[in-house]
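Laboratory data are not the source of any read-out in this text; all were calculated from the coordinates shown. Note that the structure is predicted; figures quoted are calculated from it, not measured. Cβ: placed from backbone, ideal geometry, glycine included. Neighbour counts: every protein chain shown.
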Amino acid sequence: MRIGDAKQTYVADEAIWTTSTQKFWFSILLLGLLIFPLLANSYLLYLGCLVGIAVISTTGLNILTGFTGLISLGQAGFMGVGAYTVAWLSTNTGLPFPITLLLAGLMAAAVGFLVGLPSLRVKGLYLAIATLAASVFLHFIFAEWESVTGGMEGLSLEPAHLFGVTFRSDFAMYFLIVPLAVLAVLAARNLFRTRIGRAFIAIRDRDISAEILGIPLLRYKLMSFALSSFYAGVAGGLFAYFYRVVTPESFPLTMSIFYLAAVIVGGMGNLLGGILGAAFMTLVPEALKLLTAALTPFFPNAPVFMSPMLEIIFGALIVGFLIFEPHGLAEIWRRVRRFFHLWPFRS
Amino acid sequence: MDWLFFGEISLAGLAMGGLYALIALGFVIIYKATRVINFAIGEIMMFAAYLFLAFAGGMEMSPWVAVPLAVLGGALLGGVIEKTMIRPMLGESPIAVVMVTIGIASILVGLVELIWTADPQLLPSFLPRQPVFIGELYLAPKIAYGFLIGMAVLVIYLLYFRFSRGGVALRATASDQAAAYSMGINVRRVFNLAWVFGSLAASVAGILVAATGGLSPQFGIIGLSVLVVVIVGGLDSILGALVAGVFIGWLETVAGAYLGGEYRMPATFAVLAVILVFKPYGLFGTHEIERV
Amino acid sequence: MNILEIDQLSLSFGGVKALEDVSLRVPKDTITTIIGPNGAGKTSLFNCISGFYKPQQGRITYQGKPLDGLRPPKRAGLGLARTFQNIALFRGMTVLDNIKLGAHVHMKTGLLGSLVYFGRARREEMAVREEVERRIIDFLEIDHIRRQPVANLPYGLQKRVELARALAMKPEVLMLDEPVAGMNREEKEDMARFILDIREEWGITILMVEHDMGMVMDISDHIAVLNFGKVIAEGDPGTVQKNPDVIKAYLGNSDIESLRRKLNPNREAA
Ligand SMILES: Nc1ncnc2c1ncn2[C@@H]1O[C@H](COP(=O)(O)OP(=O)(O)OP(=O)(O)O)[C@@H](O)[C@H]1O
Ligand SMILES: [Mg+2]
């Protein structure tokens, strides 16, 4: 049972964590993220990194699709732009990772901006098609522009480094990825406390009224595209450092759908939802792998079924959540929390 | 330039375009009636083609039985999808509905792979085999006869929608749902029928395309080409579906033959990009006026 | 002085002539009301002023300058605020955020500032919050709902939040499209009081569309009557009420007495 505090000032009222309970839990979370790599085995570390990358990209897509209402099928392509940027820069210039990652984000943002341009004329689903076109072109460029992208072979790169420290192991990568993921989410959280975030939501809810109330639609849609792609670019850059090889097949269209699914399953227009969705969607295949491994002794051809089962599960999650729980995991989480807040007085 | 080659390629492309037109027609029927953009249309085609494979290949039925059965199966699938997964989304945002169809596509791919494995398959051949010459131009028989069957179905469709009761109900619903409802048209039934008929057209095309090009769980990619067709033609325009279908089919084949297979998609998507910028609602589509 | 002048505006949709040669003056610091039967073109006129519809002919002059070619957001920035006939609140936001959104045009924070939310960005948000609280939320008596999502609010309150959002735009001209439609008597009285106060205390010119004749006659300084896209009468409430064309427009020719009563419900009450 928790009692609300009376807020003293507007500054306090507008803070992200308005109660000490919230601050407490956030500190616990940060502490947990810090301790986790010390206790985790290599497999868990690997998963932690994957989830971290997915959180960044999902948060980016959530900004665009969940908060601005612009559906994108190009997220994987934008990640690819970031990944290739990092791979190329680190091989050809030897720049340290803070700079390569920043440039990866900016490069992807520039591409995202271009892809958003048709929103000058079209909206809604037509725009989704434009993003689809973008992902087709990007894939084509990744595969065909051999002098830069290495063609179908792709590019391999050295581990991230800074001041003589190299991030080779998953353990080291964890400390690169997770803090960035936390930052990415906090920045997004800030965004939606300010005029720009409000403008995004207004465009999603009622674009025409928003325009009449003083929001230039094109500018804000492009901004949302660019920002979302920036997130994707950084995530893609981390992806490159994590796997240290980038090929056109690393960023298929199904990956864009994966991120869309993460946003939906987590809860569109909800940052916490994005995190939950990213983690959930990353872990589902892993859980399935474990299950398959467990079943193989009894059903020797279980592994054959794994990849199709995954497709079915992804699809079913998208459909199921949209029909039965459109606000996603975030809503489920809220209900659980409410239950404990009121417990034991009401249930 | 080798004009003979160009002519033959173009002919094959136009024939393929005819099938695209048929699929696009199915897409537009669904869109016009229900305002749903069906990202799963390629997968519905694929499903029907696999059904044909099962009936004609596995169960060794005659093509005269297997084709209609598979087509009915595809149509039924469309009806079931509408009833169980699209109808509950009535009134939700178009984006959400589109994502449901994306989810459906993923489910269908998984199912097909589960049942028929991920390996590419050849359909038992059921079309006549004597080569077809138009003037001096050779056309592969599978493509030629596929085209003829596709066109026959297409013409039946057009006549049906022009003259039958069902067609009138569908067009009425498309132009004004509320008015159609108030005139006693069972709008829900129309929605369902649109999915059934749309999927039926797609299924016919699916079997014909698979008969020439083979079948695998990636077959649904063809849905992307269809998407290009309907955007270029205009989502709600049957004429647009026909014209753009033929054009895109031609372009894709020519680009593939002259530049290489990897250029097929970029070529058509380049057309799409141009259309989006200069004629966003397609060559023949209508732009809905918005109100506050 | 007229803060807004509309000259010979014509707008048609295909064959439908929504506005035909409409001219109208809105004197500064008045409450000017447009009345007229359903479909007369009132909302369309608002949409032209907002810049959402582009009239085929005519011009709109605001504070002495033509508005031609300005996109809606620009016009909002110049001080043209409005509410909508079918409430157009942003359902995914709280009451407070909806209102703050109104202040958008007067804020400057860029994308980077927003992401960092520190220094100037934060100060600006605080200043807006402070101002919204002090001037608008208190004034419209909506303190108790500021944290609520707008979607769950009763209709009357939603209308009030919409008004609050428009006020946050710090308008010179406030356009209200049927501000009391669908309200009960008490809510209507509150709204009428707010509108009068806004004019008096804030010095905002009000341009209103309303069907409730009682309220229109009570608070308007100036009334224009629109019928089938044309202005058929204009003047102060007394003059407009007596105009036979107006009476005809509202009821054909029959039963003029009952219409007089409708146009002038005060007398009926007395
Ligand atoms: N976007 C549009 N497309 C087509 N016709 C329109 C559009 N907007 C308005 N109209 C038409 O213009 C005419 C005037 O409509 P408008 O909404 O301006 O009337 P109104 O006076 O506000 O009516 P009400 O009192 O019912 O709100 C009507 O015939 C309407 O159908
Ligand atoms: Mg109106």
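Just how large is the dipole of region C:91-170 about the Cα centre, in debye to the nearest 20, putting +1 at every Lys and Arg Cβ and -1 at every Asp and Glu Cβ?
With only Lys, Arg, Asp and Glu charged at Cβ, the dipole is about 180 debye.
Per residue, how big is the convex hull around the C-alpha atoms of region C:91-170? Give it to me in cubic angstrom, could you?
Cα convex hull per residue, to the nearest whole number: 88 Å³.
On a C-alpha basis, how far is the centre of region A:117-186 from the centre of region B:24-42 in Å? Whole number, if you could?
Centre-to-centre (Cα) distance: 32 Å.
Rounded, prolate or oblate: pick one for the protein assembly as shown, where a ≥ b ≥ c are the square roots of the eigenvalues of its C-alpha gyration tensor, a/c under 1.5 means rounded, and failing that, prolate if a/b is larger than b/c, else oblate.
Because a/c hits 1.5 or more and a/b fails to exceed b/c, the protein assembly as shown counts as oblate.
Compare the Cα positions of C:Met93, C:Ala166, C:Leu111 along the charge dipole of region C:91-170 (+1 at Cβ of Lys, Arg; -1 at Cβ of Asp, Glu; about the Cα centre) and return the one farthest towards the positive end.
About the Cα centre, the residue reaching furthest to the positive side is C:Leu111.
Using a 10 Å Cβ count of at most 11 others and DSSP loop calls, identify the longest part of chain B lacking such GluC sites (Glu not before Pro).
B:137-287
Strictly greater than 22 Å: what percent of every Cα pair in region C:1-147 meets that?
Values: 5717 of 10731 pairs.
So the pairs more than 22 Å apart make up 53 percent of the total in region C:1-147.
So what's the angle, to the nearest 10 degrees on a 0 to 90 scale, between helix B:165-175 and the longest Cα principal axis of chain B?
Value to nearest ten degrees: 70.
May I have the pair-distance distribution P(r) for region A:87-211, computed from all Cα-Cα distances with 5 Å bins from 0 and rounded to whole percent?
The calculated distribution, bin by bin, is 2, 8, 11, 15, 17, 16, 13, 10, 6, 2, 0.
So for region B:8-218, taking the charge dipole from beta-carbon charges (+1 Lys/Arg, -1 Asp/Glu), which of B:Met151, B:Gly167, B:Ile29 sits furthest toward the positive end?
The listed residue farthest towards the positive side: B:Gly167.
Considering only the other residues whose Cβ falls under 11 Å of the Cβ of C:Arg135, what net charge follows from Lys and Arg at +1 and Asp and Glu at -1?
-3
Identify which of A:Ala87, A:Ala293, A:Ala143 has the largest mean-square fluctuation in a Gaussian network model of chain A, with springs joining Cα atoms closer than 10 Å.
Checking each option, the largest mean-square fluctuation is seen for A:Ala293.
Relative to the compact-globule scaling 2.2 N^0.38 Å, provide the ratio for the alpha-carbon radius of gyration of chain C.
The reported ratio for this selection is 1.05.
Which percent of the Cα-Cα distances in region A:141-229 go past 15 Å?
73 percent
For the Cα atoms of chain B, what angle does the longest principal axis make with the long axis of helix B:187-213, in degrees from 0 to 90, nearest 10?
Compared with the principal axis, the helix lies near 10 degrees.
Would region B:174-278 count as rounded, prolate or oblate if I go by the C-alpha gyration tensor, calling it rounded below 1.5 in a/c and otherwise prolate when a/b exceeds b/c, oblate otherwise?
Values: a/c = 3.28, a/b = 1.68, b/c = 1.95.
Because a/c hits 1.5 or more and a/b fails to exceed b/c, region B:174-278 counts as oblate.
Can you compute log10 of I(q)/I(0) for region A:42-342 with the Debye formula, treating each Cα as one identical point scatterer, at q = 0.15, 0.17 Å⁻¹?
-1.20, -1.45
Using helices alone, I'd like the mean residue ellipticity at 222 nm for the protein assembly as shown: each DSSP H run of four-plus residues gives -39500 (n - 2.57), total over residue count, nearest 500.
-20000 deg cm²/dmol, from helical runs alone.
How long are the semi-axes of the equivalent ellipsoid of region B:28-73, taking √(5λ) for every eigenvalue λ of the Cα gyration tensor, in whole Å from largest down?
Square roots of five times the eigenvalues give 27, 10, 5 Å.
Which value, in debye to the nearest 20, gives the size of the charge dipole of region C:146-202 about its Cα centre, when Lys and Arg are +1 and Asp and Glu are -1 at the Cβ?
With Lys and Arg at +1 and Asp and Glu at -1, about 300 debye.
State the three equivalent ellipsoid semi-axes of chain B, derived from the C-alpha gyration tensor as the square roots of 5 times its eigenvalues, in descending order and whole Å.
Values: eigenvalues 177, 109, 66 Å².
Semi-axes from the Cα gyration tensor: 30, 23, 18 Å.
What is the sum of charges, Lys and Arg at +1 and Asp and Glu at -1, for the other residues whose Cβ falls under 12 Å from the Cβ of B:Leu77?
Details: positive: B:Lys83; negative: B:Glu43, B:Glu82.
Its environment carries a net charge of -1.
Over 18 Å apart: what share of the alpha carbon pairs of region A:1-145 falls there, rounded to a whole percent?
Working: 7382 of 10440 pairs.
Cα-Cα pairs of region A:1-145 separated by over 18 Å account for 71 percent.
Mind putting a number on the dipole of the protein assembly as shown about its Cα centre? Charges go on the C-beta only, +1 for Lys and Arg and -1 for Asp and Glu, and I need it in Debye to the nearest 20.
The calculated dipole for the protein assembly as shown is roughly 1100 debye.
Towards the positive end of the charge dipole of chain A, with charges on Cβ (+1 Lys, Arg; -1 Asp, Glu), say which of A:Thr85, A:Thr194, A:Ala40 has the farthest Cα.
The Cα lying farthest towards the positive end belongs to A:Thr194.
Cα-Cα over 18 Å: which of A:Lys221/C:Lys170; C:Lys28/C:Lys65; C:Lys74/C:Lys230; C:Lys28/C:Lys188?
A:Lys221/C:Lys170; C:Lys74/C:Lys230; C:Lys28/C:Lys188, as the Cα separations exceed 18 Å there.
Could you work out the mean count of beta carbons from other protein chains within 10 Å of each residue's beta carbon in B:79-87?
Averaged over the peptide's residues, the number is 1.
Kirkwood hydrodynamic radius for region A:246-334: how many Å is it when counted over pairs of different Cα atoms?
Working: mean 1/r = 0.0718 Å⁻¹.
13.9 Å is the Kirkwood radius here.
Mean Kyte-Doolittle of at least 1.0 and a Cα length of 24 Å or more along the axis: which whole DSSP H helices of chain A meet both?
Once both thresholds are applied, what remains is A:20-39, A:42-61, A:97-116, A:125-144, A:170-191, A:271-295, A:302-324.
Which of the three applies to region C:46-92, rounded, prolate or oblate, going by the alpha-carbon gyration tensor with a ≥ b ≥ c and a/c under 1.5 meaning rounded? Each step should come with its number before you reach the end.
Values: a/c = 2.46, a/b = 1.75, b/c = 1.41.
In terms of gyration-tensor shape, prolate.
Helix B:3-34 against the longest principal axis of chain B: what's the angle in degrees, Cα atoms only, rounded to the nearest 10?
That helix lies at roughly 20 degrees to the long axis.
To the nearest whole number, what is the average tally of beta carbon atoms from other chains within 10 Å of the beta carbons of peptide B:266-279?
4
What value in Å³ per residue do you get for the convex hull of the alpha-carbon atoms in region B:102-147?
Convex hull volume per residue, Cα atoms: 118 Å³.
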